[in-house]
Amino acid sequence: MKIHPTAIVSPKAQLDTTVEVGPYAIIEENIKIGARTTVMAHAYISGWTEIGEDNRIHIGAVIGHVPQYIAFKGQRSYVRIGNGNTIREYVTIHRSIEEEHATVIGDRNFLMAMSHVAHDCVLGNEIILANSVLLAGHVAIQDKVMISGSSGVHQYVRVGRIAMVSGLTRVVKDVPPFMIVEGESTVRGLNVIGMRRANISAENREAVKRAYRLLYRSGLNLPHALEAIQAEPICEEVRLIVEFIQQSQRGICKHYVK
């Protein structure tokens with residue numbers, strides 16, 4: 001274990017022998033950190049935080065600190081982070097507001113500088129949060145989502161798999177899988193490039209396009225559009241879209257109108 005002499009690491013923290021800790025980092029007592037994870041200078045890891053293997057936590061990141069929630073009373077709650085994540089400079093990740101609940105981040109995510117993950121967020125795998133992205137409490141982000149710089153996501157919003165959020169976007173409604181959203185929670189098209197990179201077949205991409213047209217270009221209201229989509233056999237990707245919409249509590253993003 002490589003711990004810089006200026007770092008403050010509680011003897012009660014559970015660090016794998018391959019963990020590296022940089023200058024002036026602080027790691028408090030109720031922390032678990034897995035193999036080959038690096039904690040760089042001035043990072044602060046507190047609360048009840050569990051971090052997996054092969055993570056790189058950059059300068060000044062704050063993980064597991066108390067949530068920004070006026071009614072929070074200091075109860076035990078968690079941050080749980082998986083494997084292979086990159087957490088860049090001055091990222092903040094806050095623990096849950098509920099006793100014995102957790103803010104959760106999966107595997108192989110890339111959180112760029114100054115991005116913020118608030119209490120009770122749940123992030124899947126292979127997500128990119130660009131610089132200064134702000135996620136409010138209870139946001140859920142599915143796998144392979146890209147959220148571009150300085151975008152803000154309202155509390156309890158969900159962003160579906162392989163969706164893309166353009167820079168400076170205000171997201172206040174759920175973003176269905178595979179959609180591109182910009183501006184004021186407005187769908188502008190499909191993330192075709194993201195679908196290709198995810199090795200979704202050409203046939204299934206065409207099925208997603210048909211579902212998109214029924215949802216946003218047909219003039220049908222949402223229940224009738226869903227009925228039309230389900231009137232024929234659907235692939236896995238279209239099924240994900242339908243189920244995501246059916247489970248929405250906030251409603252889904254509107255479509256751009258010229």
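FYI, it's all coordinate maths here, none of it is from the lab. Model, not experiment: these values are computed from the prediction. Counting neighbours? That spans all protein chains shown, and the Cβs are built from the backbone with ideal geometry, glycine included.
The table that follows gives values for the structure above.
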quantity: Highest-first arrangement of 182-188, 12-18, where packing means the average Cβ count within 10 Å; calculated: 182-188, 12-18
quantity: Sorted by Cβ neighbour density within 10 Å, fewest at the top, the residues 2, 144; calculated: 2, 144
quantity: For segment 204-258, average projected area of the Cα convex hull in nm²; calculated: 3.9
quantity: Under 24 Å from residue 73, Cα to Cα: lysines that are on another chain or at least 8 residues apart; calculated: 12, 32
quantity: The chain: relative contact order in percent, alpha carbon pairs under 8 Å with at least 6 residues between; calculated: 9
quantity: Residue 121 long-range amide H proximity, modeled H, under 5 Å; calculated: 104, 138, 139
quantity: Two-decimal Rg to Rh for segment 2-138 - Kirkwood Rh, Cα set; calculated: 0.94
quantity: Gained length - residue 69 relative to residue 231, 0.36 nm times residue gap less alpha-carbon distance; calculated: 53.8 nm
quantity: Mean-position separation - Cα centroids, segment 187-254 and segment 13-39, in angstrom; calculated: 43
quantity: Cα-based shape type of segment 114-178, given that a ≥ b ≥ c are square roots of the gyration tensor eigenvalues and the cut on a/c is 1.5; calculated: rounded
quantity: Size descriptor, Kirkwood hydrodynamic radius, that averages inverse alpha-carbon separations across the chain, Å; calculated: 19.1
quantity: Residue 3 long-range amide H proximity, modeled H, under 5 Å; calculated: 21
quantity: Whichever aspartates and glutamates have a C-alpha closer than 15 Å to that of residue 209, once near sequence neighbours (fewer than 8 apart) are set aside; calculated: 232, 236, 237
quantity: Relative contact order, percent, segment 2-138 [alpha-carbon distance under 8 Å, six or more residues apart]; calculated: 16
quantity: Proximal charge balance of residue 17 [Cβ under 13 Å; K/R count +1, D/E count -1]; calculated: -1
